[in-house]
Amino acid sequence: MNYYSLNNKHIQVSFQEAVIQGIAPDRGLYFPSSITPLSQSFFEDIESLSNEAIAFQVIQQFVGNEIPEAELKQIIAETLCFDFPCVPVEENVYSLELYHGPTMAFKDVGARFMSRCLGYFNRNDDKKVTVLVATSGDTGGAVASGFLGVKGVEVVILYPSGKVSDIQERQLTTLGQNITALEVDGVFDDCQDMVKKAFLDASLQHKNLTSANSINIARWLPQMFYFFFAYKQLKKYNKPLIVSCPSGNFGNICAGILAKRLGLPIFHFVAATNANDTVPQFLQNGKYEPKPSVATISNAMDVGNPSNFIRIQEMYHNDLKEFNKDFSSFTFTDEETKLAMKNIYTNSGYIAEPHGAVGYLGLKREMQNHSNSIGVFLETAHPIKFLDVVEPILNVQLPIPTQIESVLGKDKKSIKIKNYDDLKAFLG
């Protein structure tokens, strides 16, 4: 399988090269050169397949022969070592819980898969790779955990000072070893811009930089698995399936759309956003106009220029008519999010954190147009990661899971930087 740059289709690389480079030399995101739908029998039999077997069939064509079958199956087994349950919230509405991994966020899957791919590619190489990643919240912790102690890999995480939750910050600043956290005086978009700039800086080529954000195909592609796992659990109801993704950098929903290109029967996608409404505005007026991000209670979605949307545009040929067939996007305020959290808890006893609540709102909005549908919203992180928001809104006290307890007593270690020059000086 080859991957081409979305800025120039003549730039083509292998899976291994795309993983190691992260981003194309012309700053374009990589995209698979072909997408072959899975067999009808695969979908007919999906309920009888294990999650590992499903994941192998889904990802195999995108890896090709660059990782042997036995090694790839082992990578998948180590990646998917936790559950992905669809939990009923109300009639025909389910929460797909993606937070049962080691850092209690959906990004555990992509980070674990990518770290193991990179470990395989570096198995006989003494040359060090520097994974440079920006985080708006959960990516940092997942990458730190996934890459901790991986041979030949140094991890540098940029995060916006004061704009991630206390638990999120501890997960990315307390591990040590090969993990370094850089605390940026700015917002997530500033962190992301610095990362992209570093990739194109010729003076840093000796650092062998790669990204573990969802711009990297090895972080992005495994996110397809979630949608297959949801379909496996809900297929028995034989209703049109609507999936709502709380959307920040748009990697999750982008992976879902790719899953549909593989034949997965998803009827409609909803990209639910907070006040950072670049994509909802695009669907209204056809103009993609990135803007500075604004802070909300769903901080991991505070992205004004979502990197992965260009991949979605590619799959819809940047045609609004194509988008409108099975894709919609809605924006919700913090007040609407808080009210949704309260209503969900009051009516069902289910505790949704702010990102999941935004996804729920988007799902309910779209389901009004499809009376016979069944819906799933993605719960992308455990509510404990946002206890400062969840507890006062719902008037509850959340028990501390063991995954979180392990970082609470550790000291935060970060290096403060203000701009790209500071990042460059640190990288050397």
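The values are calculated or read from the model by the stated rules, or taken from the named source; none is laboratory data. What you are looking at is a predicted structure, and each value in this text was computed from that prediction instead of being measured. Don't worry about glycine lacking a Cβ; one is built from the backbone with ideal geometry, like all the others, and counts go over all protein chains shown. Note: accessible area is taken over every heavy atom of the protein model, side chains too, but ligands, DNA and RNA are not part of it. Shrake-Rupley method; radii C 1.70, N 1.55, O 1.52, S 1.80 Å.
If you check Gln12, Gln57 for being out of contact with any Asp or Glu (no Cβ under 7 Å at 6 or more places or on another chain), at pLDDT 95 or above, in a strand (DSSP E or B) and surrounded by fewer than 17 Cβ atoms within 10 Å (Cβ to Cβ), only one passes: Gln12.
Filtering Glu17, Glu44 for residues that are within 22 Å of the chain's Cα centre (by Cα) and open to solvent by 10 Å² or more (accessible area, probe 1.4 Å) leaves a single hit, Glu17. When you scan the range 356-379, do you find a residue that is in contact with an Asp or Glu (Cβ under 7 Å, 6 or more places away or on another chain), surrounded by 19 or more Cβ atoms within 10 Å (Cβ to Cβ) and not in a helix (DSSP H, G or I), even just one? For the range 356-379, residues in contact with an Asp or Glu (Cβ under 7 Å, 6 or more places away or on another chain), surrounded by 19 or more Cβ atoms within 10 Å (Cβ to Cβ) and not in a helix (DSSP H, G or I): present. The number of residues in the range 152-169 being under 19 Å from Ile297 (Cβ atoms) and not in a strand (DSSP E or B) comes to 9. Output the number of the condition that Ile266 fails; it satisfies all remaining conditions of (1) closer than 29 Å to Asp189 by Cα; (2) surrounded by fewer than 24 Cβ atoms within 10 Å (Cβ to Cβ). The one condition Ile266 does not meet is (1). Met114 passes every criterion in (1) aliphatic (A, V, I, L, M); (2) assigned to a helix (DSSP H, G or I); (3) modelled with pLDDT of 95 or more; (4) open to solvent by less than 10 Å² (accessible area, probe 1.4 Å) apart from (3).
Out of the residues in the range 200-244 that are among the polar types (S, T, N, Q) and at pLDDT 90 or above, which is most open to solvent (accessible area, probe 1.4 Å)? Restricting to residues being among the polar types (S, T, N, Q) and at pLDDT 90 or above, the top hit is Asn238. Scanning the range 21-36 for residues being at pLDDT below 95 and either open to solvent by 50 Å² or more (accessible area, probe 1.4 Å) or not aliphatic (A, V, I, L, M) (or both) gives a total of 6. For Ile76, the conditions (1) crowded, with 21+ Cβ neighbours inside 10 Å; (2) under 22 Å from Pro246 (Cβ atoms) are fulfilled apart from (2).
The lone criterion from (1) open to solvent by 10 Å² or more (accessible area, probe 1.4 Å); (2) touching a residue at least 24 places away in the same chain (Cβ under 8 Å) left unmet by Val294 is number (2).
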